[in-house]
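Heads up, the thing below is written out as structure tokens.
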Amino acid sequence: MNAAELVKQYQAGTKDFSGIDLVGVSLKNIDLCQIVFNQAILTEVDFTGANLTNANFHLALLNLSNLSEAILTGANLKSATLKSALLYKVSCGKAQLQNANLQAAILKRAFLRETNLSQANLISADLNQANLIDANLTGANLTDANLANTFLQGANLINANLTGVNLDQAILTGAIMPDGQIHD
């Protein structure tokens, strides 16, 4: 299936595209609210500026995909794989990213407020200037991640791995640190 066929079916009322293989297609600036891509292969897909509000990407493969400036508010990305994905200025407020693999993903200036990133793999991820206010990062692996200038007020980092993390100028007021202490 190509992008035009997907959009045509979506506009006709089909929302469930579980298991679909759309490697390398462009879905730029398309409204795909509530679409279901469970276990889909979406490697190198361009979702730049797409509206993916309440979309379901459970167990989807999104490696090297571009989700820059996409709206993923309320989206389910549980156990999704987004290795080296580009999520620059993505809006993911209240999204579900538990157990997601975001290794080396670029999340600069991403809006991740109240997002569940528990147990997520964020090794070497770039979260520079991201908004992680009140985010759940319980047990997340942030080894060598860049959290410089990141807003982490009220974030839960209990049991998170912060080995080699860059927290230069990060705002940690009220954050619950890996040892359970609340940062002043």
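The values are calculated or read from the model by the stated rules, or taken from the named source; none is laboratory data. Everything quoted here is computed from the prediction, not taken from an experiment. Heads up, the Cβs are rebuilt from the backbone with ideal geometry, glycines too, and the neighbour counts pull from every protein chain shown. Ligands, DNA and RNA are excluded from the accessible area calculation, which covers all protein heavy atoms including side chains. Shrake-Rupley method; radii C 1.70, N 1.55, O 1.52, S 1.80 Å.
Pairs of Lys residues in the chain are counted when their Cα atoms are under 19 angstrom apart and they lie 8 or more places apart or on different chains; the count is 8. Mean residue ellipticity, 222 nm, helices only, the chain: the sum of -39500 (n - 2.57) across DSSP H runs of n ≥ 4, divided by residue count and rounded to 500, is -1500 deg cm²/dmol. Would you mind getting me the FRET efficiency between residue 144 and residue 11? Use the beta-carbon distance for r and R0 = 35 Å, nearest 0.05. The calculated FRET efficiency here is 0.25. With a simple spin-label model that places each label point 7 Å from the Cα along the Cα-to-Cβ direction, the separation between residue 20 and residue 179 comes to 4.9 nm. Rounded if a/c is under 1.5, else prolate if a/b is larger than b/c, else oblate: which is the stretch 125-184, with a ≥ b ≥ c the root eigenvalues of its Cα gyration tensor? Cα axes put the stretch 125-184 in the oblate bin. Rolling a 1.4 angstrom probe over the protein heavy atoms with all chains in place gives the stretch 88-184 an accessible area of 42 Å² per residue. Toward the positive end of the charge dipole of the stretch 62-174, with +1 on the Cβ of Lys and Arg and -1 on the Cβ of Asp and Glu, the farthest Cα among 85, 171, 120 is that of 85.
For the stretch 28-80, the carbon plus sulfur part of the accessible surface works out to 46%, probe radius 1.4 Å.
Protection proxy ranking of 30-36, 176-182, by the mean of other Cβ atoms within 10 Å over each peptide's residues and highest first, is 30-36, 176-182. Pair-distance distribution P(r) for the chain, from all Cα-Cα distances in 10 Å bins starting at 0: 12, 42, 29, 13, 4, 0 percent.
Does the stretch 67-164 come out rounded, prolate or oblate by the C-alpha gyration tensor, with a ≥ b ≥ c the root eigenvalues, rounded set by a/c under 1.5 and, if not, prolate when a/b is larger than b/c and oblate if not?
Since a/c stays below 1.5, the shape of the stretch 67-164 is classed as rounded.
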